[in-house]
Amino acid sequence: MKMDFPVAKTVNARSSVRTYENRDLSANEKAQINAYIDNLSNPFSADVTFRLLEKASSTHGEKLGTYGVIKGAGNYIAASAAEKELALEALGYSFEKLILYATSLGLGTCWLGGTFNRSGFAAAMNLKEGDLFPCISPIGYPAGKKSTIESLMRWVSKADQRKEWSELFFKQNFSRPLTKDDAGEFAFPLEMVRLAPSAVNKQPWRIVQENDAYHFYLARSLKSDNEKVDLQRVDMGIATCHFHMAVLEKELPGKFQKLAKPGIQSPEQMQYIYSWIPG
């Protein structure tokens, strides 16, 4: 299947950008982003609403701000979803696909889940009662030099490091690591998962290969005071996007399906989310 951009090249090119040139997106780029938004979909039949916002705009006197962690950006993307099963996973999936598209255009982005003026952005989003609104991203032209706070944040989060295969992917159960040879043609989709971004770089996804199926689990490592802002579920959607785009690019047939529960013994902190069933 022809993708909108080369998956591996774009995944490897994407990085969190916190310092931007102080200029607005061009009219053409805004049109491209909005057209891509209009055609976004996800495998979970969940409606996700996106808006391309301008920092200069304000609603009811609320300013669009990020508490100093983002410098120079004049535009932001925000996303919300109606509350339903797998809504946050669907939001993470669609948002990451949009971020990777922006990367393919040469634009910078940065996932933000807590360091932004939530009430200001929520007002600009015209949220409905019960809507989930976990994150935003600036979007613009990366500056040539990172700010001091950006360099510090990347160092603290170990932004360029990722867990090894043996920590993330397993065969039949959680005590047996999955090798790239075991994964065969699915080694590429799994490597794209390994490279996915996540909140404070926790990489909470775990995947178990059982026969031909791949079961996705969430390894809980962050507590959320507000279940509606469960960033680790958004992270699962991001990882799923990477897996699915790679599978589609390689034309490996199958679909995501939430099973009653796989018959796999799992540690207490592991939460089963869904499975990829080939066929």
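The values are calculated or read from the model by the stated rules, or taken from the named source; none is laboratory data. Treat the numbers as computed from the prediction; the structure is a model and nothing was measured. Cβ placement follows ideal geometry from the backbone for every residue including glycine, while neighbour counts extend to all protein chains displayed. These area figures cover heavy atoms from the full protein model, side chains too; ligands, DNA and RNA do not enter into them. Shrake-Rupley method; radii C 1.70, N 1.55, O 1.52, S 1.80 Å.
Table for the structure above
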| read-out | value |
| --- | --- |
| Answer from Ala73, Ala90 - the residue that is at pLDDT 95 or above and surrounded by 21 or more Cβ atoms within 10 Å (Cβ to Cβ) | Ala90 |
| Filter result for Gly106 (part of a loop (DSSP other than H, G, I, E, B), modelled with pLDDT of 95 or more and either surrounded by fewer than 18 Cβ atoms within 10 Å (Cβ to Cβ) or charged (D, E, K, R) (or both)) | yes |
| Test for Leu127: is it of a type in the set (A, V, I, L, M) and part of a helix (DSSP H, G or I) | no |
| Every residue from the stretch 189-219 that is in a loop (DSSP other than H, G, I, E, B), in contact (Cβ under 8 Å) with a residue 40 or more places away in the chain and buried (at least 19 other Cβ atoms within 10 Å of the Cβ) | Ala196, Pro197, Ser198, Gln203 |
| Qualifying residue in the stretch 180-188 (condition: open to solvent by less than 60 Å² (accessible area, probe 1.4 Å), free of Cβ contacts under 8 Å to residues at least 12 places away in the same chain and more than 18 Å from the chain's Cα centre (by Cα)) | yes |
| Filter result for Leu132 (of a type outside the set (Ser, Thr, Tyr), farther than 23 Å from Val11 by Cα, open to solvent by less than 20 Å² (accessible area, probe 1.4 Å) and out of contact with any His (no Cβ under 9 Å at 6 or more places or on another chain)) | yes |
